[in-house]
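K.L.:
Here it is, the structure, as structure tokens.
The values are calculated or read from the model by the stated rules, or taken from the named source; none is laboratory data. Note that this is a predicted model, so its numbers are computed, not measured. Don't worry about glycine lacking a Cβ; one is built from the backbone with ideal geometry, like all the others, and counts go over all protein chains shown. Surface areas here come from the heavy atoms of the whole protein model, side chains and all, with no ligands, DNA or RNA. Shrake-Rupley method; radii C 1.70, N 1.55, O 1.52, S 1.80 Å.
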Amino acid sequence: MLRAREAKMLTREKAERMIDTASFDEAAKMLTDCGYEDYSGMNAKQVDNALAGRRAEIFAELARMSPDPEPVEVFRMKYDYHNAKTLIKAEAASLEREDLLSSSGRVPVQTLIKSFTEEKFTGIPSVLADAIVQAKSVLARTANPQLADFTLDKAYFTELQNAARKLDSSFLAGYARILIDSANLRSAVRTMRMGKDLDFLKLALVPGGGIDPGRIAASSSSGEALAALYANTGLAAAAALGAEAVNGGRMTGFELACDNAVTAYLTRARLVAFGEAPVIAYLAAVEGEITAVRMILTGFLAGIAPDTIRERLREFYA
């Protein structure tokens, strides 16, 4: 079933044709060939809601159909942590931002809000619950939202690695490793570019990737040293662009190369007939497709130049 669906997914060629159309409505109508509803006539907020709904529906459907729902839960957990970050920052700023919460997580939004408000986390995954408590404490103590985010990011990757062990999945373990390596590379480049100190970088780095955080910290003296550290990995091209970004180059190409390295890893699942790998790869491809669709359609609505939209698109799985 997933192989049949992959054949209908948005490709680079289809995306290029969408970008080259004369209007938002024409681009939106082209998506119906990929199984989307007709989004023509929508505004940016409606497009975003429609895409979020599509993602949630796909997650729910595959969770029902998959012999083991764990691969779907792997993708849902990211939205739990997004929601946790939103709630913590909104509370600290005395704001109500339920409009920013995602319904794609494992924990229903209202359940998470109630648990967060009452500080009773019954029914919430324990790693997530502990991370929320710790992140709230960090933010209250330091008034630094980035440090609170680091706490939640590390918990997310811990859950991701735990899921790989639970499934005994080498493919998911490899996916977790490249996500961590990518996240650590981004943290190193951003830290160096902003002129932050080594202690700040050490707080941001996540264990469990293919490259030890200690080696990354030791190589953060220059962009060239960082690029050399990643030279024999799937993130080599991204690290080379990261070295340029550290020295004042653009971040866009670097960020895109990090995403493309993850996509390249996922394409290995095309050679796997059964098991969790095709499910994981398909779900990641769906998320990538939805990101591309949002970028194209909202780009049209915002009047962004076609070439600018085009250069921001990551590689496609399909």
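K.L.:
Of all the residues that make up the range 190-212, how many are more than 18 Å from the chain's Cα centre (by Cα), assigned to a helix (DSSP H, G or I) and in contact (Cβ under 8 Å) with a residue 24 or more places away in the chain?
P.N.:
4
K.L.:
Considering only residues that are in contact with a Phe, Trp or Tyr (Cβ under 9 Å, 6 or more places away or on another chain) and of a type outside the set (A, V, I, L, M), which ones fall in the range 277-297?
P.N.:
Of everything in the range 277-297, those that are in contact with a Phe, Trp or Tyr (Cβ under 9 Å, 6 or more places away or on another chain) and of a type outside the set (A, V, I, L, M) turn out to be TYR282, GLU287, GLY288, GLU289.
K.L.:
Could you list, in sequence order, the residues of the range 190-225 that are under 19 Å from GLY249 (Cα atoms) and open to solvent by 30 Å² or more (accessible area, probe 1.4 Å)?
P.N.:
ARG190, MET192, ARG193, MET194, GLY195, LYS196, SER221, SER222, GLU224, ALA225
K.L.:
Let me ask something additional. Can ALA84 be described as in a helix (DSSP H, G or I) and over 17 Å from the mean Cα position of the chain (by Cα)?
P.N.:
no
K.L.:
Then there is this: Condition first: closer than 15 Å to GLY299 by Cα, in contact (Cβ under 8 Å) with a residue 40 or more places away in the chain and either outside any helix (DSSP H, G or I) or of a type in the set (Lys, Arg) (or both). Now tell me which residues in the range 25-41 satisfy that.
P.N.:
Once the filter is applied, which keeps residues that are closer than 15 Å to GLY299 by Cα, in contact (Cβ under 8 Å) with a residue 40 or more places away in the chain and either outside any helix (DSSP H, G or I) or of a type in the set (Lys, Arg) (or both), the range 25-41 yields only TYR39.
K.L.:
ARG294 fails exactly one of the following numbered conditions: (1) more than 25 Å from ILE58 (Cα to Cα); (2) surrounded by 15 or more Cβ atoms within 10 Å (Cβ to Cβ); (3) charged (D, E, K, R). What is the number of that condition?
P.N.:
Every listed condition holds for ARG294 apart from (1).
K.L.:
If the requirement is being β-branched (Val, Ile, Thr) and modelled with pLDDT under 90, which of these qualifies: VAL74, VAL109?
P.N.:
None of the others qualify; the one that does is VAL74.
K.L.:
Look through the range 154-189, keep the residues that are in a helix (DSSP H, G or I) and among the hydroxyl-bearing types (Ser, Thr, Tyr), and return whichever of them is farthest from MET251 (Cα to Cα).
P.N.:
SER170
K.L.:
Which of the residues belonging to the range 231-270 are surrounded by fewer than 16 Cβ atoms within 10 Å (Cβ to Cβ), closer than 12 Å to ARG314 by Cβ and β-branched (Val, Ile, Thr)?
P.N.:
Within the range 231-270, just THR252 meets the criteria.
K.L.:
Considering (1) under 19 Å from the mean Cα position of the chain (by Cα); (2) surrounded by fewer than 19 Cβ atoms within 10 Å (Cβ to Cβ); (3) assigned to a helix (DSSP H, G or I), say which one THR117 fails and leave the rest.
P.N.:
Going through (1) under 19 Å from the mean Cα position of the chain (by Cα); (2) surrounded by fewer than 19 Cβ atoms within 10 Å (Cβ to Cβ); (3) assigned to a helix (DSSP H, G or I) one by one, THR117 breaks only (1).
K.L.:
Cβ contacts < 6 Å: first residue more than 21 Å from THR158 (Cα to Cα), restricted to the range 102-126; second residue in a loop (DSSP other than H, G, I, E, B) and β-branched (Val, Ile, Thr), any location; separation 6+ or different chain. Result?
P.N.:
These pairs meet every condition: SER115/ILE124.
K.L.:
For the range 60-74, state whether one or more residues are acidic (Asp, Glu), open to solvent by less than 20 Å² (accessible area, probe 1.4 Å), over 19 Å from GLU289 (Cβ atoms) and in a helix (DSSP H, G or I).
P.N.:
There is no residue in the range 60-74 that is acidic (Asp, Glu), open to solvent by less than 20 Å² (accessible area, probe 1.4 Å), over 19 Å from GLU289 (Cβ atoms) and in a helix (DSSP H, G or I).
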